[in-house]
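K.L.:
One structure follows; several queries about it will come next.
The values are calculated or read from the model by the stated rules, or taken from the named source; none is laboratory data. Source: prediction; values computed, not measured. Note that each Cβ is placed from the backbone with ideal geometry, even for glycine, and that neighbours are counted across all protein chains shown. Quick note on the areas: whole protein, heavy atoms, side chains included, nothing else; ligands and nucleic acids left out. Shrake-Rupley method; radii C 1.70, N 1.55, O 1.52, S 1.80 Å.
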Amino acid sequence: MGANMLRRILRGGEQGVAYDRHPEKVAALVGAGAQGAADLDQFVSILTPPRAAWLMLPAGEPTEIMLRELARRMSAGDILIDGGNSFFKDDVRRARELAERGLHYVDVGTSGGVWGLERGYCMMIGGEPGPVQRLDPIFKALAPGRAAADRTPGRDRVAAASFQDSAELGYVHCGPAGAGHFVKMIHNGIEYGLMQAYAEGLDLMHNARSENQPAEYRYHFNLADITEVWRRGSVVGSWLLDLTAAALLEQPDLERYSGRVSDSGEGRWTVLSAVEGAVPAPVITTALYARFRSRQERSFADRVLSAMREKFGGHVEPGSGH
């Protein structure tokens, strides 16, 4: 995902330096127009002060280690950006620690997955206004742009200071440190609920053929056709449904998928935040528990979830070999 983001930045007319522990990945990005760095020292030295370094790494220790390594090489006024899926409370701590060294920290919740290179990336941003504004050309290059969706009726007549023009482009400054990842956390929690609803509905139709049903109520639905028709004019239409229709067209019974559904952290954090704030979130909580259950017994609904995760994010099931 990080490599494709840099490719999109380059396509947008901006410059970029690539570093990865795998030299072949750096070489591929050099071929796309980036400058390449063999190590972190070279990476930092190539960047022109005030520097901006964008990390796309798994949440937790990998991101913590890289932030520490970059921070000790960078200078006051430089910006460190975490575009992964970190926990928002970690962002608050990091921003405070880096500020003591004169460094700025920006958290960017990024959605777009394996399709982002062509479709663009939706970004939810946290951090100080100054550094966020400095990064605006990068956000603009990464974002889908106004043409990605029809304009919300009345939006052109709203001039309130509380509305940001960039939201129509596909990125928004949500608030101080941690705000971007907090919004992305909720975004992914909602995603859990949406996916679970699709999966359960399709499971109901898939099992309508069961011999346990009375013959007169037994149906053999073509789910590829049903999801295809729902894509056209239905109130439940969405990009997730588009991807599900594609998966069912490829494999009507989704036999390639085991149905073991992982959770990447944001769903758990959403539920924990709901508990801490005493805010009811039964749909998201149930969707998270359904993923836990899928690791014990699996249904067609679980295969639908696996198919969606692969289609939008390239998430491959453990041990699936594909």
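K.L.:
Apply the a/c threshold of 1.5 to the C-alpha gyration tensor of the chain and tell me whether it is rounded, prolate or oblate.
P.N.:
Prolate, because a/c is 1.5 or more and a/b exceeds b/c.
K.L.:
Can you give the FRET efficiency for ALA149 and VAL229, using 1/(1 + (r/R0)^6), R0 = 25 Å, r = Cβ-Cβ distance, to the nearest 0.05?
P.N.:
With a Förster radius of 25 Å, E is 0.65.
K.L.:
If you don't mind, another one. Using only DSSP helix segments of four residues or longer, with each worth -39500 (n - 2.57), what per-residue ellipticity at 222 nm results for the chain after dividing by its residue count and rounding to 500?
P.N.:
-14500 deg cm²/dmol
K.L.:
If the chain between SER210 and HIS187 were fully stretched, how many nm would it gain, using 0.36 nm times the residue separation less the Cα-Cα distance?
P.N.:
Using 0.36 nm per residue and subtracting the Cα-Cα distance, I get 4.7 nm.
K.L.:
Is the stretch 1-125 rounded, prolate or oblate when judged by the Cα gyration tensor, a ≥ b ≥ c being the square roots of its eigenvalues, rounded requiring a/c under 1.5 and prolate requiring a/b larger than b/c?
P.N.:
oblate
K.L.:
How much accessible area does LEU57 have with a 1.4 Å probe, in Å² rounded to the nearest 10?
P.N.:
It works out to around 60 Å².
K.L.:
Here's a follow-up. With a cap of 12 neighbouring Cβ atoms within 10 Å, and only residues DSSP puts in a loop, list the chymotrypsin sites (Phe, Trp or Tyr not before Pro) found in the stretch 197-291.
P.N.:
Answer in residue order: TYR219.
K.L.:
For the stretch 122-240, rounded, prolate or oblate, judged on the Cα gyration tensor with a ≥ b ≥ c (square roots of eigenvalues), a/c < 1.5 rounded, else prolate if a/b > b/c? Write down the numbers at each step before the final one.
P.N.:
Working: a/c = 3.64, a/b = 2.45, b/c = 1.48.
It is prolate, given that a/c is not under 1.5 and a/b is the larger ratio.
K.L.:
Follow-up. Please compute the length gained on full extension between HIS220 and GLU250, using 0.36 nm multiplied by the number of residues separating them and subtracting their Cα-Cα distance. Write down the numbers at each step before the final one.
P.N.:
Details: separation 30, 0.36 × 30 = 10.80 nm, distance 1.79 nm.
Extra length from HIS220 to GLU250 when fully extended: 9.0 nm.
K.L.:
A further question on this structure: Based on the alpha-carbon set only, what is the convex hull volume of the stretch 170-275 divided per residue, in Å³?
P.N.:
Taking the convex hull of the Cα positions in the stretch 170-275, it is 162 Å³ per residue.
K.L.:
Further question on the same structure: Please count, across the chain, the pairs of lysine residues with Cα atoms under 25 Å apart that sit 8 or more places apart or on different chains. Show your work: numbers first, answer last.
P.N.:
Working: LYS25/LYS140; LYS25/LYS311; LYS89/LYS184; LYS140/LYS184; LYS184/LYS311.
Lysine pair count for the chain: 5.
K.L.:
To the nearest 0.05, what FRET efficiency results for HIS315 and LYS140 with a Förster distance of 22 Å applied to their C-beta separation?
P.N.:
Details: r = 28 Å, r/R0 = 1.28.
So the FRET efficiency works out to roughly 0.20.
K.L.:
Membrane-span-like helices in the chain: DSSP H runs reaching 27 Å or more (Cα, own axis), mean Kyte hydropathy at least 0.5?
P.N.:
Long hydrophobic helices here: none detected.
K.L.:
What is the gain in length, in nm to one decimal, between GLN164 and ARG68 on full extension, counting 0.36 nm per residue of separation less the C-alpha to C-alpha distance?
P.N.:
Working: separation 96, 0.36 × 96 = 34.56 nm, distance 3.27 nm.
Answer, rounded to one decimal: 31.3 nm.
K.L.:
Longest segment of the chain with no GluC sites (Glu not before Pro) in a DSSP loop having at most 12 other Cβ atoms within 10 Å?
P.N.:
That gives 101-210 as the longest site-free run.
K.L.:
Continuing with the same structure: Taking N as the number of residues in the stretch 165-218, what is its alpha-carbon radius of gyration divided by 2.2 N^0.38 Å?
P.N.:
So the Cα radius of gyration is 2.01 times the expected 2.2 N^0.38 Å.
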